[in-house]
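The structure appears right after this line, and notes come after that.
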Amino acid sequence: NAGVTQTPKFQVLKTGQSMTLQCAQDMNHEYMSWYRQDPGMGLRLIHYSVGAGITDQGEVPNGYNVSRSTTEDFPLRLLSAAPSQTSVYFCASGGPGPRGDTEAFFGQGTRLTVV
Amino acid sequence: AQSVTQLGSHVSVSEGALVLLRCNYSSSVPPYLFWYVQYPNQGLQLLLKYTTGATLVKGINGFEAEFKKSETSFHLTKPSAHMSDAAEYFCAVRNQGGKLIFGQGTELSVKP
């Protein structure tokens, strides 16, 4: 059972470089989301998608783009990396569903360092 | 707007002692509440969730939580801590059709 697969697991970027974090799920979930985790701040929502072709911003969207061309994939793009984007990034799949009571399933995370 | 507050960024208990991790939420509508656990260098794993019905919810690894609407709380407990419980714990809230909002996290240390 693959669940949610994120690649890469680790990445070092130079300031100004761009890259795409990949996320794929095999659970046929409509809802997917991206979070960043920073010490003492919990997980903060970057972008989310309620289905193919539909995306929306979370609480910290600046500097990131997303697209959702298929149900399975939800890549996160860093347009011009900055040191403030050094963080651990998590992709989640699942929920809220019609009632909101379904849980989210998380990938293993991508640890990104911007130098 | 929804929000979650976890009281105490770090909690330390002795092995065999009671674990109590506190979570308070704000929500304008009946919430759905979740506790997740994160072991070092891993993703988040669901411990338990409250949706509707019984307010005392049992989860994996002997953890449970009680939804108290009057106190807007959803505290996580375990009667007897084990060394393997050392991890970071996150409380999260979501309302119908809404986003999943996390608290700041509580790191649990277990002393032998």
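The values are calculated or read from the model by the stated rules, or taken from the named source; none is laboratory data. These figures come from a predicted structure and were not determined experimentally. What goes into the accessible areas is simple: the full protein's heavy atoms, side chains included, and nothing from ligands, DNA or RNA. Shrake-Rupley method; radii C 1.70, N 1.55, O 1.52, S 1.80 Å.
Ignoring ligands, DNA and RNA, what percent of the accessible area of the protein assembly as shown is carbon or sulfur (1.4 Å)?
Roughly 51 percent of what the probe reaches on the protein assembly as shown is carbon or sulfur.
Which entries in B:LYS78/B:LYS99; A:LYS9/B:LYS111; B:LYS78/B:LYS111; A:LYS9/B:LYS49 show an alpha-carbon gap greater than 25 Å?
Pairs exceeding 25 Å: B:LYS78/B:LYS99; A:LYS9/B:LYS111; A:LYS9/B:LYS49.
Would you mind giving the total buried accessible surface between chains A and B, with a 1.4 Å probe and ligands, DNA and RNA left out, rounded to the nearest 100 Å²?
1800 Å²
Can you give the accessible area per residue of the protein assembly as shown, in Å², using a 1.4 Å probe?
Computed with neighbouring chains in place, this is 46 Å² per residue.
For A:LYS14, go through the aspartates and glutamates and keep the ones whose alpha-carbon is under 20 Å away, minus same-chain ones fewer than eight residues off.
A:ASP38
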